[in-house]
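Bear in mind these aren't lab numbers, they're just calculated from the coordinates by the rules spelled out. Please read these numbers as outputs of a predicted model, since none were measured by experiment. Cβ atoms come from the backbone with ideal geometry, glycine included; neighbour counts cover every protein chain shown.
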Amino acid sequence: MAERPPGEVTNDEGGSEPDWAGSLVDRIVEVVQRVRSVTTQPAVTASRGIVYGLVAAVCLIAASVLVGLGLFRLADLALPGGSWVVHLCAGGLFCLLGKLLWSRRSAGRAVR
């Protein structure tokens, strides 16, 4: 008997027939991969973007807090008169920022 390649099926008369089971499985796998690429891949990409964005936001907030503290300490060392001068400058800066934000608020909302 001659050696047959894998996946080749013979009929009763000794002729070869194509492997219908293998081609059917290949077709099912192809359809499942196509459906997955259309449905699951965009969701995975979006969730990765959200997670990486949140991690970047947390890192940015932590870095900005540390930079603010460093600038405050640097101003404390640079300005003469003790730490009350730095607190006074920071308070004045925050008051100016509050005044700017208060002037830009929408006039349609009532303050309660």
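Condition check ((1) surrounded by 10 or more Cβ atoms within 10 Å (Cβ to Cβ); (2) under 30 Å from residue 94 (Cα atoms)) across all residues:
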position: 32; (1), (2): yes, no
position: 44; (1), (2): yes, no
position: 61; (1), (2): yes, yes
position: 82; (1), (2): no, yes
### Summary
Only one of (1) in contact with a helix residue (DSSP H, G or I) (Cβ under 8 Å, 6 or more places away or on another chain); (2) in a loop (DSSP other than H, G, I, E, B); (3) among the small types (Gly, Ala, Ser) does not apply to residue 106, and that is (1)
